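Enquirer: After the structure tokens below, expect a handful of questions from me.
The values are calculated or read from the model by the stated rules, or taken from the named source; none is laboratory data. Since the structure is predicted, the reported quantities are computational estimates derived from the model, not experimental observations. Quick reminder, even Gly has a Cβ in these numbers, built from the backbone with ideal geometry, and neighbours come from all protein chains shown. Note: areas computed on protein heavy atoms with side chains; ligands, DNA, RNA excluded. Shrake-Rupley method; radii C 1.70, N 1.55, O 1.52, S 1.80 Å.
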Amino acid sequence: ETLQADGLYLLPGAIDSHVHFRDPGYPNKETWKSGSAAAACGGVTTVFEMPNTNPATGTVEALRIKQKAAESSYVDYGIHGLLGDDTIDRLEELLDAGVTSFKAFVGNTFGNLPAPTDGALLEGFEKLAPLGIRTVVHAENSSIMARRQQRMEEAGRIDAMAHLASRPAVCEIEAIGRVLTLAEWTGARVHIAHHSSRDSLFLLRDAKRRGVDVTVETCPQYLLLNIGDMTRLGGILRLNPPIREAHHNQPLWDALVEGVIDMIATDHAPHTPEEKSRPNIWQCDCGFPGVETQMPLMLTEINRGRASLMDYVRWSSVNPAKAWGLYGTKGVIAAGAHADIAIVDLAREGVLSEGKLHSVSKISPWNGRVVKGYPLHTLVRGRFVMRDGRLVEEAAGWGQSVKGVQRMPASRPRNVESYTSNILETPAGVPPTA
Ligand code: NCD
Ligand code: ZN
Ligand code: ZN
């Protein structure tokens, strides 16, 4: 069986470090089957799924329920377990049971999972550093945002600018600084989720120069949309962190080109149309689907000459593979029957339409956007999951966990001489003298 691919480009399938498939818990928003179908149709061959489901992925029991749901997946996947105050003592068992990585919600967001205390975050990093495991962090300061949102609500403000003002860039700067400090001190690997502002790039650049093992993602919405779009679209565009002023767009793009930001993820965060279009902005759920639209949106920018196709492949596939321990063990590099591939038509033009999304959530701020560049065929480990632009329905269940091929060597050791950093290793008795 041959495929006519003249004039098409063969790319490694995209690896999306940040999706919410809502399963278990919110089938009215998404399921593993629908979310992974959207991934397959977006040229995405591996997703990493977030723990703010119901139940949250913070116990082995909850993980088992999610693994069962993921048996319907079209694409391969990793599962981020929950790092919170009450999961610190279960990190090892969650890893043994199959999570690939952790997520800490440092900042309030959908699911209302309490932010870990700084003490718990430090302890979690201490435990995970020698294991080499990377933790995704939603880095926003929750006390600033809670107070500012309260002030806005008291003032009766329900507009787009009020939402932006409730979660200003300083929330992100402060939390990123804190997380980087704890990561540097412990040697833990961290990954900054949905990076949204130009104003914290200096922290990331400096930390990378000092050798902190931090990876960073941004999303198409932070590169291509701004507060003007939110004024037009309202709650549809409400998400955390917020879409910011236009002056953030180009610096984020430049940071990708420079390598301060490593990759594109989508923060695919579906909600129902009803939950996204309430008149009061504070009552609109945060986030929107993105896993199916990332590739056409980004290829459009590549077609405009804003970066090279090789740059895009680094952002969509190579760098996430490296961050999650899949580089060289999985993907196009493994060739033949193991290939994870997106075959794209860079010349194909079209208009994104929310009604055509495979996500349960058929509401998107990208609706009506003109794009050039589409994935036409997607292969996961050598099998078509999308062909000629159509989902291959029989491929439901083909996806499998990447846990078995993941290689995360221990990160560099901490400076144990000057600091007994790990509370569990602290020696009893008399302190050493100089
Ligand atoms: C996400 C969601 O809905 O789960 N929402 C969002 O606005 N980004 C949660 C998150 O990533 O913070
Ligand atoms: Zn988040
Ligand atoms: Zn998210």
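Enquirer: Could you please let me know if Val313 is touching a residue at least 60 places away in the same chain (Cβ under 8 Å), within 16 Å of Phe48 (Cβ to Cβ) and open to solvent by 10 Å² or more (accessible area, probe 1.4 Å)?
Expert: no
Enquirer: Residue by residue through segment 272-319, note down the ones that are of a type in the set (Gly, Ala, Ser) and closer than 23 Å to Gly350 by Cα.
Expert: Gly290, Gly305, Ala307, Ser308, Ser316 - these are the residues of segment 272-319 that are of a type in the set (Gly, Ala, Ser) and closer than 23 Å to Gly350 by Cα.
Enquirer: If only one of Gly111, Gly58 is open to solvent by 10 Å² or more (accessible area, probe 1.4 Å) and within 16 Å of ligand 1 (Cβ to nearest atom), which one is it?
Expert: Selected residue: Gly111, the only one of Gly111, Gly58 that is open to solvent by 10 Å² or more (accessible area, probe 1.4 Å) and within 16 Å of ligand 1 (Cβ to nearest atom).
Enquirer: Scan segment 225-252 for residues that are within 17 Å of the chain's Cα centre (by Cα) and over 22 Å from Ser142 (Cβ atoms) and jot them down.
Expert: Leu252
Enquirer: Please enumerate the residues belonging to segment 155-177 that are more than 30 Å from Arg278 (Cα to Cα) and either open to solvent by 60 Å² or more (accessible area, probe 1.4 Å) or free of Cβ contacts under 8 Å to residues at least 12 places away in the same chain (or both).
Expert: Glu174
Enquirer: OK, next. Test each condition in (1) within 13 Å of ligand 1 (Cβ to nearest atom); (2) assigned to a loop (DSSP other than H, G, I, E, B); (3) open to solvent by 30 Å² or more (accessible area, probe 1.4 Å) for Arg278 and report the one that comes out false.
Expert: Result: Arg278 passes all but (1).
Enquirer: For segment 15-34, what are the residues that are open to solvent by 10 Å² or more (accessible area, probe 1.4 Å) and either away from ligand 1 (no atom under 16 Å from the Cβ) or among the hydroxyl-bearing types (Ser, Thr, Tyr) (or both)?
Expert: Across segment 15-34, the qualifying residues are Ile15, Tyr26, Thr31, Lys33, Ser34.
Enquirer: What are the residues in segment 143-158 that are touching a helix residue (DSSP H, G or I) at 6+ places or on another chain (Cβ under 7 Å) and more than 16 Å from ligand 1 (Cβ to nearest atom), if any?
Expert: Arg148, Met152, Glu153, Ile158
Enquirer: May I ask you to list pairs of residues, at least six apart or on different chains, whose Cβ atoms are under 8 Å apart, with the first in segment 84-111 being among the charged types (D, E, K, R) and the second being open to solvent by 40 Å² or more (accessible area, probe 1.4 Å) and within 16 Å of ligand 1 (Cβ to nearest atom)?
Expert: Correct list of pairs: Asp85/Pro114.
Enquirer: Say whether the condition of being touching a His at 6+ places or on another chain (Cβ under 6 Å), touching a residue at least 12 places away in the same chain (Cβ under 8 Å) and open to solvent by 10 Å² or more (accessible area, probe 1.4 Å) is met by at least one residue in segment 35-49.
Expert: Taking every residue of segment 35-49 in turn, at least one turns out to be touching a His at 6+ places or on another chain (Cβ under 6 Å), touching a residue at least 12 places away in the same chain (Cβ under 8 Å) and open to solvent by 10 Å² or more (accessible area, probe 1.4 Å).
Enquirer: When residues of segment 179-201 are filtered for being in a helix (DSSP H, G or I) and either on the phi > 0 side of the Ramachandran plot or surrounded by 18 or more Cβ atoms within 10 Å (Cβ to Cβ) (or both), how many remain?
Expert: 9
Residue-by-condition table, conditions (1) within 19 Å of Ala269 (Cβ to Cβ); (2) at pLDDT 95 or above:
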site: Gly7; (1), (2): no, no
site: Leu11; (1), (2): no, yes
site: Asn54; (1), (2): yes, yes
site: Lys66; (1), (2): yes, yes
site: Tyr77; (1), (2): yes, yes
